[in-house]
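The values are calculated or read from the model by the stated rules, or taken from the named source; none is laboratory data. Nothing here was measured: the structure is a model prediction, and the numbers come from that model. Cβ: placed from backbone, ideal geometry, glycine included. Neighbour counts: every protein chain shown.
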Amino acid sequence: MISASDVKLLREKTGAGMMDCKHALTEANGDMEKAIKILREKGLASAAKKAGRIAAEGIVDSYIHLGGKIGVLVEVNCETDFVAKTPVFRQLVKDIAMQIAAANPLYLEPADVPADVLEKEKEILRAQALNEGKPEKIVDKMVEGRLQKYYKEFCLLEQAFVKDPEKSIKDLVNEKIAELGEKISIRRFVRYEMGEGLEKRKDNFAEEVMKQASK
């Protein structure tokens, strides 16, 4: 059993999030030093410590796929122009742009999902659970669990990285924060798909990008 006081202490030592600290302590069977090591290996400790720093440098990059069928613009920020020019940072930005092209996220993170969209999704998920005959008392917990799947599908930072589905985009960014030693943040992005919204033959462009990205 992991105590709240141990989670709090680990958070104070590393600056990582409460849930990340709890998961690390669980993985380490309560061993504080091992949990610190786990967080550092995942880049979470260093990422959290840098969260309050200013990242005003960076680059805007583009990704065009399938002969102009899909286009992405993304802005990723870091702290210095020096890091912005490194191959590691530029590859990260290119990977993020490819991710957006392939997975078509609608939002950057769960906090960006509009309240009305979230409420509508909750209503749908609740109705689904009730139609499945689930007891009323566990429906709300089921809805929360299924919302996590929604976030993983539509929020960029929560999505599985197309080149390595074992990690999320948030994990990828945290790894680069640990590697480069600077705060890195995805500020904004836009994705265009040719003919989007027009009545025409449906092409699964995203699936084609996904295949290319996973090679």
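Just one of the numbered conditions (1) within 22 Å of the chain's Cα centre (by Cα); (2) modelled with pLDDT under 90 is not true of G133: (1).
Please find, among L147, L106, L125, the residue that is crowded, with 16+ Cβ neighbours inside 10 Å and in contact with a helix residue (DSSP H, G or I) (Cβ under 6 Å, 6 or more places away or on another chain). Steps first, answer last, please.
On the way: L147 fails: in contact with a helix residue (DSSP H, G or I) (Cβ under 6 Å, 6 or more places away or on another chain); L106 fails: crowded, with 16+ Cβ neighbours inside 10 Å.
After ruling out the rest, the residue left standing is L125.
Here the condition is being assigned to a helix (DSSP H, G or I) and assigned by TED's automatic domain parsing to the domain that holds I186; of R11, R90, R40, it holds for R90 alone. Inside region 125-147, can you point out the residues that are in a helix (DSSP H, G or I) and either among the charged types (D, E, K, R) or within 21 Å of E158 (Cα to Cα) (or both)? L125, R126, E136, K137, D140, K141, M142, V143, E144, G145, R146, L147, listed by residue number. Considering E119, E123, E166, E136, the condition of being in the same structural domain as L66 (by TED's automatic domain parsing), over 29 Å from G67 (Cα atoms) and either acidic (D, E) or in contact with a Lys or Arg (Cβ under 6 Å, 6 or more places away or on another chain) (or both) is satisfied by E166 alone. Restricting attention to region 124-140, does a residue exist that is polar (S, T, N, Q) and farther than 26 Å from R40 by Cβ? So far as region 124-140 goes, yes, one or more of its residues are polar (S, T, N, Q) and farther than 26 Å from R40 by Cβ. Among the candidates R53, R40, the residue that is of a type in the set (D, E, K, R), at pLDDT below 85 and out of contact with any helix residue (DSSP H, G or I) (no Cβ under 9 Å at 6 or more places or on another chain) is uniquely R53.
Looking only at region 67-79, filter to residues that are out of contact with any Asp or Glu (no Cβ under 6 Å at 6 or more places or on another chain) and not in a strand (DSSP E or B); which one of those is farthest from L106 (Cα to Cα)? Among those residues, the one meeting the criterion is G67. Looking only at residues in region 85-103 that are among the aliphatic types (A, V, I, L, M) and touching a helix residue (DSSP H, G or I) at 6+ places or on another chain (Cβ under 8 Å), the one that is surrounded by the fewest Cβ atoms within 10 Å (Cβ to Cβ) is V88. Among the residues of region 14-37, those identified as under 21 Å from the mean Cα position of the chain (by Cα), surrounded by 15 or more Cβ atoms within 10 Å (Cβ to Cβ) and assigned to a helix (DSSP H, G or I) are T14, D20, C21, K22, H23, A24.
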